[in-house]
Amino acid sequence: MTASLLGPAQIRQLASELGLRPAKSLGQNFVIDAGTVRRIVRIADVADQHVLEIGPGFGSLTLALLEVASTVTAVEVDPRLAAQLPATVAEHAPSAASRLRVLQADALDLPDLGEPAPSALVANLPYNVAVPALLTALERLPGLNTALVMVQAEVADRIAASPGSRIYGVPSAKVAWYASARRVGSVSRSVFWPVPNVDSALVALTRRETPTAASREATFAVIDAAFAQRRKTLRAALAGLATSPQRAETALTAAGIEPRRRGEDLTITEFAAVAASLAELPS
């Protein structure tokens, strides 16, 4: 099936009919280039899959996804856009209308999506909540095996950064709990309306087994503390969690981590090992 995709004129017309002006508070920058959305779908490789799309907006990417996906569940926070999307799909891809589910909801508070559960996430994530939205989806939907997200280029680099990198930080480590991530392409700011002040990039993620040494909550607490003041050694950075620098050093040593190392050097497996050691400290 080949859908009639949206171009700049159709998107501006829809915005006018809905009385909608893109809101910075919602991170609304809409893709207006058909070639870009088809490129995203091609890289995502989601043929015959159940796909989750966060922030579908006017439906540019939604229509391209419906060309290949089995079903698309679109989660949109703006009630006007959520109400309009089924009508847009019915007009431009009528044979695909029955394969679209639209939920008006906040991506940071994902509801039960029901069945079929999505196996892939493909989304142009709103700039203002990109990382939290991604982490929420990965946490609440364990059946998501892959993801391809378009985010601000700087955020893409941080998500995909490896330990030891200058830009490795909280987003890198927390995403690594769930998946391996790599940057797979750049996207010019010119394909958006309104045109943002930054370029975007595509990040591909593949689900992997989570560490088993400690819980996600405990491990994320260590990550947050380790990066709260990047220049501090782990002995100093974790003193609050451990209640003293000495106890932090004890836990780090037990986990096989040199206390003078910094958070930017640790893999997600090492963060989990530290969390487990902290939990075993005597009270």
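Structural remarks
- In sequence order, calculated HN-Hα J values of segment 47-59 (Karplus, 6.51, -1.76, 1.60; Hz; x Gly/Pro): 4, 6, 9, 8, 10, 9, 10, 9, x, x, x, 7, x
- FRET efficiency, S165 to R21 (Cβ-Cβ, R0 45 Å, nearest 0.05): 0.70
- Dipole of segment 124-262 [Lys/Arg +1, Asp/Glu -1 at C-beta], most positive-end residue of A228, A156, A179: A228
- For segment 62-68, 3J(HN,Hα) per residue [Karplus equation, 6.51 cos²θ - 1.76 cosθ + 1.60, θ = phi - 60°, Hz, x = Gly/Pro]: 4, 4, 5, 5, 5, 5, 10
- Accessible surface comparison of D109, D157, probe 1.4 Å, protein chains only, largest first: the order is D109, D157.
- Summing Cβ point charges (Lys, Arg +1; Asp, Glu -1) relative to the Cα centre of segment 141-245 gives a dipole of roughly 260 debye.
- Using Cβ point charges alone (K and R +1, D and E -1), the dipole size of the chain about the Cα centre works out to roughly 820 debye.
- Whether segment 170-246 is rounded, prolate or oblate, judged on the alpha carbon gyration tensor where a/c under 1.5 counts as rounded: oblate
- When H92, H50 are compared by accessible surface with a 1.4 Å probe, the order from highest to lowest is H50, H92.
- With the largest listed first and rounded to whole Å, the semi-axes of the equivalent ellipsoid of the chain from the Cα gyration tensor are 40, 18, 15.
- Value at 222 nm in deg cm²/dmol, rounded to 500, when DSSP H runs of n ≥ 4 in the chain each add -39,500 (n - 2.57): -11500 deg cm²/dmol
- With contacts taken as Cα pairs under 8 Å and at least 6 residues apart, the chain reaches a relative contact order of 15 percent.
- Solvent exposure of the chain as accessible area per residue, Å², 1.4 Å probe: 44
- Using C-alpha pairs under 8 Å with a sequence gap of at least 6, the mean separation divided by the residue count of segment 205-283 gives a relative contact order of 37 percent.
- A cut-off under 14 angstrom between Cβ atoms defines the neighbours of A96, and their net charge, with Lys, Arg +1 and Asp, Glu -1, is -2.
- The 3J(HN,Hα) values that the Karplus relation (6.51, -1.76, 1.60; θ = phi - 60°) gives for segment 220-226 are, in residue order, 5, 5, 5, 4, 4, 5, 5 Hz. Gly and Pro appear as x.
- Distant-in-sequence amide contacts of R208, defined by a placed amide H-H separation under 5 Å and a gap of 5 or more residues or a different chain, comprise A179, S180.
- Computed FRET value (nearest 0.05) for A87 with S244, which takes r as the C-beta separation and R₀ as 51 Å: 0.25
- Accessible surface ranking that places the most exposed of S70, S95 first, with a 1.4 angstrom probe: S95, S70
- Sites A97 and R140, calculated FRET efficiency, Cβ-Cβ separation with R0 25 Å, nearest 0.05: 0.40
- The value obtained for segment 97-174, namely the Cα convex hull volume divided by the number of residues, is 104 Å³ per residue.
- Sequence-distant residues sharing a close amide H with F30 (under 5 Å, placed H): W193
- Net charge in the neighbourhood of I167 (other residues with Cβ under 12 Å of its Cβ; Lys, Arg +1, Asp, Glu -1) is +1.
- For R262, net neighbour charge (Lys/Arg +1, Asp/Glu -1) across residues whose Cβ lies under 13 Å away: +3
The values are calculated or read from the model by the stated rules, or taken from the named source; none is laboratory data. As the structure is a computational prediction, the values presented were derived from the model and not from experiment. Reconstructed Cβ throughout: ideal geometry from the backbone, glycine too, with neighbour counts over all protein chains shown. Note: areas computed on protein heavy atoms with side chains; ligands, DNA, RNA excluded. Shrake-Rupley method; radii C 1.70, N 1.55, O 1.52, S 1.80 Å.
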